[in-house]
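Report on the structure given below.
The values are calculated or read from the model by the stated rules, or taken from the named source; none is laboratory data. This structure is a prediction, so every number in the text was calculated from the model and none was measured. Here the Cβ positions follow ideal geometry from the backbone for every residue, glycine too, while neighbour counts run over all protein chains shown.
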Amino acid sequence: MATNFWESDHLNLLVHRERLVEAHQKDRERGLTSAQIEDVKVFTILYLEDIAKNSQNLIRQRVAATACVYFRRFYLKENFCEYDPRLVGPACLFLACKSEESQVQAKALFQMLKKVSTTGKYHGLLLPDSAQLLDLEMAVLESLEFNLIVYSPYRDLAIFLQDAQTSDLAECAWAVLNDSYRTHVCLLHAPYMVAVACMHVASVLLSRSIESWLKSLNCDLDEVLEIARELMICFKQQRACISTEACNRFVEFVMC
Amino acid sequence: MDKYEKGEKLGQGQFGVVYKARHKETEQIVAIKKIHLGKAKEGINMTALREIKLLKELESPYIVRLLDVFPHKRNLSLVYEFLDSDLECLIRDRATIISAADVKSYMQMLLKGLVSCHMHWILHRDIKPNNFLISMSGEMKLADFGLARMFGHPEDGRYTSQVFTRWYRPPELLFGSTCYGPSVDMWAAGCVFAELLLRRAWFPGDSDLDQLGKIFQALGTPTEASWPGCTSLPQYVDFNPTPAQPLRTIFRQASEDALALLAQMVALDPSRRISARDALAHPYFRNAPQPTPPSQLPKPPVRAHNPLKLAAKGSSILQAAPAVQTGPMKQNGSSNPGAAMPELGTESTTATTGSRPAPFSTAAAASVDGPPTKRQRGSDGSSAAADVVREDSKANPAPQEEPASGMLGGPVSEHDAREDERRALTDIGFEAGPRPVLDMEDLRDTRKRKLNWDAPLNGG
C-alpha cells in the first residue's frame with residue numbers, strides 16, 4: 001500500500017467480470033461447479049484470516065487482506081487441480097508478510113499453521129512442508145508477474161469515515177470491508193470504490209442516511225451500488241463456510 | 001534466460017552474481033542480477049523482494065529500470081538496463097574535472113529521482129554516490145532499492161534505524177529514531193552534494209559515535225531549541241556543545257546559493273530539512289551557471305567491475321581519498337587532519353594484516369570537539385536500544401580501542417577478499433581504506449532487528 005494508484009499495476013490488474021467465468025477451466029472440466037470453487041476459495045480466505053487472528057499480532061489484518069488478493073489473483077490463471085489451494089493459501093500469506101514489510105519467519109508460520117489446524121474446525125487440513133511453501137511462493141510470484149503492490153481500501157475507508165463525519169459507522173463499515181474479501185470485489189473494483197460501498201452498506205445496515213455525502217463524491221454511484229449489492233448478496237446468503245472435510249473432498253476430487 | 005546472451009561477469013554481490021548480457025532480439029545491453037535461492041530457508045529474501053516490488057512500480061528517467069524478472073532453475077534473475085559507471089567513480093576520478101555547472105546538473109538529476117520516490121511514498125534509505133549509476137550519455141539514475149520501503153501508512157509500526165551507509169546516515173537515525181520520513185533521504189542527498197563539491201566524503205565517520213562527532217563539529221551540536229525533541233530520541237548522546245562552523249570555511253569555492261541549499265538539506269532537525277521538490281525549486285537551480293546538459297557532462301570513468309551494486313562489496317570500498325594532502329581540503333572535516341591522516345596513510349599501505357584503522361579511530365575520537373560523555377546509549381532504560389548495543393558488540397568483535405562506549409556499528413569487519421580488492425585498488429592509484437558499508441553482518445543484524453521493530457506495536 002502506497003505509491004500512486006493511478007500509475008500502478010493494481011489499476012491494470014483489475015479485471016472484468018468475464019474473467020471470473022473464464023477462470024478454473026480445468027477444474028470445471030473435472031466436474032467442480034462454480035459454487036464449489038467459490039466455496040473452497042472462501043474457506044481458504046477465512047483460514048488465512050484465522051491464522052492472522054491467532055498470530056498474536058505478528059500478522060496484521062492488512063497483510064491478510066493482501067494475501068487474499070494474491071490468492072484470488074493467482075486463481076484467475078491457475079487451477080486447483082494443478083495448485084492445491086490449501087497449500088497456496090499459506091504461501092500467499094508468507095509472501096504478503098514480506099511485501100507488507102512485516103516478515104514472519106517460515107518457522108513461525110509453520111507453528112501458527114500447526115496451532116490453527118490441530119484444533120477446531122481446521123482439524124485435518126493439509127499443511128505445506130518447507131519445500132512446498134517456498135516452491136509455491138515462487139509460483140505465486142511468477143503468476144502475479146511480480147506485481148506485488150496491493151492498495152488496500154482500509155486507508156481510504158478511514159479517510160471517508162472522517163470526511164463524512166460518521167464515526168458511528170466505523171465499526172460496521174470496517175467489518176463489512178473485512179468480509180468483502182469473501183467476494184470478488186477486490187479483483188473487480190478500485191479500492192476506494194470498495195471503501196465507499198462499504199460505507200453505503202454499513203449505513204443501510206444501521207439505517208442511517210449518508211446519501212448527501214455519497215452525492216457529494218465525484219464517483220460513479222452505479223458502480224458503488226453494484227459493489228454494495230454484491231456485498232449484500234454475500235451477507236444475505238450467509239453462505240456457511242464449508243467444513244474442512246468438504247474442502248478436502250472438493251480439492252482431492254479434482255486433484256486425482 | 002534464453003532471450004539473453006550472457007556476457008562477462010560484472011560483479012559478485014551479497015545475494016548473487018551480476019552479468020552483463022545482451023537481448024538476442026532487441027540487442028539491448030542489460031545487466032542481469034542472479035539471485036540464488038537454492039538453500040534459502042525463508043524463500044525470496046526481503047532485499048530482492050523490495051527491489052522487485054518497488055522498481056516494478058517506479059518509472060522515471062532518473063531511476064534505473066527493472067526490465068524483467070524471471071525465475072531460472074532455482075535462481076531468480078532480475079534484468080536491469082545497463083549503465084556504465086556510477087557517481088562514486090566519477091567523484092573519485094582525479095582526472096575528471098567537475099565544474100559548478102556539472103554539479104548542478106548531477107544534483108538536479110539526483111533530486112528528480114528522489115522526487116519520484118517520495119511522490120510514490122517510497123523511502124530509498126541507501127542514498128550514496130555509488131547508488132547513482134551514470135550512463136555514457138551522461139544520464140544519472142538511482143539504483144539499489146534493497147533497503148527501500150514504503151512509508152506513510154497509518155498502520156505502520158516503527159521502522160528500523162539501521163539503514164544507510166554510515167557516512168550518509170542522518171543524525172536522527174544515529175540517535176536511533178524509528179519514526180521518520182523522506183527527510184532521511186534528503187540528508188544523504190545533502191552529503192552527496194557536499195561530496196560533489198569537496199570531491200571526498202564530508203563526514204567519513206568510522207563509528208556511529210565518531211559519525212555524530214564529525215557532523216556536529218561542522219554543523220554544531222543540536223539543542224532542544226534548535227531541534228525540538230532530539231534529546232528524547234532513543235539513543236541520544238550528549239556532546240560537548242560546539243558552535244556550527246560557517247559552511248563557507250569548509251566549501252571555499254562554492255557559490256552562495258549552493259551553500260544556502262546545502263544548509264537546508266543538512267538541517268539537523270529533520271522537520272526543517274528541505275523536501276526534494278522544494279529543493280528543485282531552489283534559486284540555486286535557476287541562477288547562473290545553467291546546469292550542464294547531460295550529454296555534455298564529463299564522461300565518467302568506466303568501472304573496473306560491479307556496475308550494479310549488490311549490497312556491500314566492490315566499488316564501495318574506494319576510500320574517500322584519505323590522502324588529504326592537497327590544499328583546499330585541509331581545513332575541513334576532522335579538526336585534526338594532521339594527526340589523523342598520516343596514520344591512515346600507513347594504514348592503507350600496510351593493509352595486509354587486516355587491521356582496522358585503530359590509530360585513526362582513537363585519534364579521531366580524541367579530535368572530536370565534543371567527546372561523548374560517559375552516558376551510554378541504551379543505559380537510559382530503553383531495552384530495545386540496549387539490545388542493539390549488545391547485538392552490535394557481538395557482530396563486531398574486538399572493539400578494544402573503543403572505550404566501552406558501546407558504539408553502534410563499530411568499524412567494518414574485514415575479510416581477506418576485501419583486503420585483496422583494496423590492495424588491487426591501491427595498485428591502480430586509489431588510496432583505499434575501510435569505507436563503511438552495510439556489510440553482510442550488518443544486514444543480517446538489520447533483518448534480525450527488523451523483525452522486532454517493524455512488528456506492530458499493539459496490533460493493527
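For every residue, the table says whether it meets (1) more than 12 Å from chain B (Cβ to nearest Cβ); (2) touching a residue at least 12 places away in the same chain (Cβ under 8 Å); (3) within 20 Å of the chain's Cα centre (by Cα).
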residue: A:G124; (1), (2), (3): yes, yes, no
residue: A:Q132; (1), (2), (3): no, yes, no
residue: A:E137; (1), (2), (3): no, yes, yes
residue: A:V140; (1), (2), (3): no, yes, yes
residue: A:I149; (1), (2), (3): no, yes, yes
residue: A:S152; (1), (2), (3): no, yes, yes
residue: A:R155; (1), (2), (3): no, yes, yes
residue: A:S167; (1), (2), (3): yes, no, no
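For the stretch B:32-62: of the residues being touching a Lys or Arg at 6+ places or on another chain (Cβ under 6 Å) and more than 9 Å from every other protein chain (Cβ to nearest Cβ), which is modelled with the lowest pLDDT?
B:G38
Does B:A21 satisfy the criteria of being of a type in the set (G, A, S), in the same structural domain as B:L142 (by TED's automatic domain parsing) and either at pLDDT 85 or above or part of a loop (DSSP other than H, G, I, E, B) (or both)?
no
Restricting the search to the stretch A:78-90, which residues are assigned to a helix (DSSP H, G or I) and more than 14 Å from the chain's Cα centre (by Cα)?
A:R86, A:L87
Take the stretch A:149-186 and flag every residue that is of a type in the set (G, A, S) and not in a helix (DSSP H, G or I).
A:S152, A:A164
Checking B:V163 against (1) without any contact (Cβ under 8 Å) to a residue 60 or more places away in the chain; (2) within 14 Å of chain A (Cβ to nearest Cβ); (3) not basic (K, R), which test does it fail?
(1)
Go through the stretch A:212-256 and give me each residue that's among the basic types (K, R) and touching a residue at least 12 places away in the same chain (Cβ under 8 Å).
Correct list: A:R239 only.
Quick test for you: out of A:Y70, A:Y122, A:Y47, A:Y75, pick the one residue that is of a type in the set (S, T, Y) and touching a Leu at 6+ places or on another chain (Cβ under 7 Å).
Among A:Y70, A:Y122, A:Y47, A:Y75, only A:Y70 is of a type in the set (S, T, Y) and touching a Leu at 6+ places or on another chain (Cβ under 7 Å).
Quick check on the stretch A:138-146. Is at least one of its residues within 18 Å of A:A228 (Cα to Cα) and modelled with pLDDT under 90?
For the stretch A:138-146, residues within 18 Å of A:A228 (Cα to Cα) and modelled with pLDDT under 90: absent.
Hey, can you tell me all the residues within the stretch B:117-142 that are in contact with a strand residue (DSSP E or B) (Cβ under 7 Å, 6 or more places away or on another chain), of a type in the set (A, V, I, L, M, F, W, C) and under 20 Å from B:P298 (Cβ atoms)?
B:F132, B:L133, B:I134, B:M140, B:L142
Which numbered condition in (1) crowded, with 16+ Cβ neighbours inside 10 Å; (2) outside any loop (DSSP other than H, G, I, E, B); (3) more than 14 Å from chain B (Cβ to nearest Cβ) is the only one that A:V21 fails?
Condition not satisfied by A:V21: (1).
In the stretch A:192-241, what residues are under 18 Å from A:L169 (Cβ atoms), polar (S, T, N, Q) and not in a helix (DSSP H, G or I)?
Once the filter is applied, which keeps residues that are under 18 Å from A:L169 (Cβ atoms), polar (S, T, N, Q) and not in a helix (DSSP H, G or I), the stretch A:192-241 yields A:S207, A:S209.
When the stretch A:31-53 is examined, which residues are found to be farther than 25 Å from B:G157 by Cβ and loosely packed, with under 15 Cβ neighbours inside 10 Å?
Of everything in the stretch A:31-53, those that are farther than 25 Å from B:G157 by Cβ and loosely packed, with under 15 Cβ neighbours inside 10 Å turn out to be A:G31, A:T33, A:S34, A:A35.
Mind counting the residues in the stretch A:59-97 that are within 14 Å of chain B (Cβ to nearest Cβ) and of a type outside the set (V, I, T)?
Count: 16.
What are the residues in the stretch B:121-155 that are over 14 Å from B:D185 (Cα atoms) and surrounded by fewer than 20 Cβ atoms within 10 Å (Cβ to Cβ), if any?
Once the filter is applied, which keeps residues that are over 14 Å from B:D185 (Cα atoms) and surrounded by fewer than 20 Cβ atoms within 10 Å (Cβ to Cβ), the stretch B:121-155 yields B:S135, B:M136, B:S137, B:G138, B:E139, B:G152, B:H153, B:P154, B:E155.
Considering only the stretch B:61-120, state which residues are hydroxyl-bearing (S, T, Y) and not in a helix (DSSP H, G or I).
B:Y62, B:S77, B:Y80, B:S85, B:T96, B:S99, listed by residue number.
Among the residues of the stretch B:178-198, write down those that are outside any helix (DSSP H, G or I) and either β-branched (V, I, T) or in contact with a Cys (Cβ under 9 Å, 6 or more places away or on another chain) (or both).
B:T178, B:P182
Listed here are the residues, each with its yes/no results for (1) in a helix (DSSP H, G or I); (2) under 26 Å from B:M119 (Cβ atoms); (3) in contact with a Ser or Thr (Cβ under 9 Å, 6 or more places away or on another chain).
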{"position": "B:F216", "(1), (2), (3)": "yes, no, yes"}
{"position": "B:E224", "(1), (2), (3)": "no, no, yes"}
{"position": "B:D257", "(1), (2), (3)": "yes, yes, no"}
{"position": "B:A260", "(1), (2), (3)": "yes, yes, no"}
{"position": "B:A263", "(1), (2), (3)": "yes, yes, no"}
{"position": "B:L268", "(1), (2), (3)": "no, yes, yes"}
{"position": "B:A279", "(1), (2), (3)": "yes, yes, no"}
{"position": "B:S295", "(1), (2), (3)": "yes, no, yes"}
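From B:A95, B:A101, grab the single residue that is under 23 Å from B:N287 (Cβ atoms) and in the same structural domain as B:A276 (by TED's automatic domain parsing).
Only one candidate qualifies: B:A101.
A quick yes/no check of all residues on (1) on the phi > 0 side of the Ramachandran plot; (2) assigned to a loop (DSSP other than H, G, I, E, B); (3) surrounded by 20 or more Cβ atoms within 10 Å (Cβ to Cβ):
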site: B:E27; (1), (2), (3): yes, yes, no
site: B:A31; (1), (2), (3): no, no, yes
site: B:A40; (1), (2), (3): no, yes, no
site: B:E51; (1), (2), (3): no, no, yes
site: B:K56; (1), (2), (3): no, no, no
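Can you find a residue that is over 29 Å from B:K56 (Cβ atoms) and part of a helix (DSSP H, G or I) anywhere in the stretch A:57-77?
For the stretch A:57-77, residues over 29 Å from B:K56 (Cβ atoms) and part of a helix (DSSP H, G or I): absent.
Quick one: which of A:Q105, A:Q56 is surrounded by fewer than 19 Cβ atoms within 10 Å (Cβ to Cβ), within 12 Å of another protein chain (Cβ to nearest Cβ), more than 21 Å from B:L76 (Cα to Cα) and of a type in the set (S, T, N, Q)?
A:Q56
Being within 14 Å of another protein chain (Cβ to nearest Cβ), basic (K, R), in contact (Cβ under 8 Å) with a residue 40 or more places away in the chain and closer than 30 Å to B:W167 by Cα: is that true of B:R92 here?
Here the answer is no, as B:R92 does not meet what is asked.
What's the number of the condition B:Q108 fails, among (1) touching a Pro at 6+ places or on another chain (Cβ under 6 Å); (2) surrounded by fewer than 20 Cβ atoms within 10 Å (Cβ to Cβ); (3) over 23 Å from B:Q264 (Cα atoms); (4) at pLDDT 90 or above?
It fails just one condition, (3).
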